[in-house]
Amino acid sequence: METSEERAAPILGAPDDSGPPPFNEAAESAFLAEARDRGEVVKPAAATGTAGEEEEVSNGTPLPRMEELVNQIPEDVRDLLADLFRARFVTVKRIPKRALKS
């Protein structure tokens, strides 16, 4: 039978709403070393929002209209995308070339 102290004791590891845990450099280093030992290619994290990226993305040419781009996709493919994934084309954006697979 539980005592009142056992019922009132906080549960260790219970989530709190204070946000993500702080960055642990030692744990990150251990994880990266383990990944290298398994033969995984470990890339350094890319900096986000760099000035070079902004210049690369916005080269001054206007973006095409959404309808023009959607019309380039065959109608049967558009129907299949809508059926399988409920895909909708909503916006046109430029992305940096380095975000694409090479």
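Within the range 55-84, residues that are more than 19 Å from Ile95 (Cα to Cα) and of a type in the set (Lys, Arg) sit with their Cβ atoms under 9 Å from residues that are at pLDDT 90 or above and open to solvent by less than 60 Å² (accessible area, probe 1.4 Å), at 6+ positions apart or across chains, in these pairs: Arg78/Val70. Looking only at residues in the range 81-102 that are of a type in the set (D, E, K, R) and modelled with pLDDT of 85 or more, the one that is least open to solvent (accessible area, probe 1.4 Å) is Arg94.
The values are calculated or read from the model by the stated rules, or taken from the named source; none is laboratory data. What you see is a predicted model, and the numbers here were worked out from it, not measured in a lab. Every residue, glycine as well, gets a Cβ built from its backbone with ideal geometry; the counts of neighbours run over all protein chains shown. Calculation scope for accessible area: heavy atoms of the full protein, side chains included, ligands and nucleic acids excluded. Shrake-Rupley method; radii C 1.70, N 1.55, O 1.52, S 1.80 Å.
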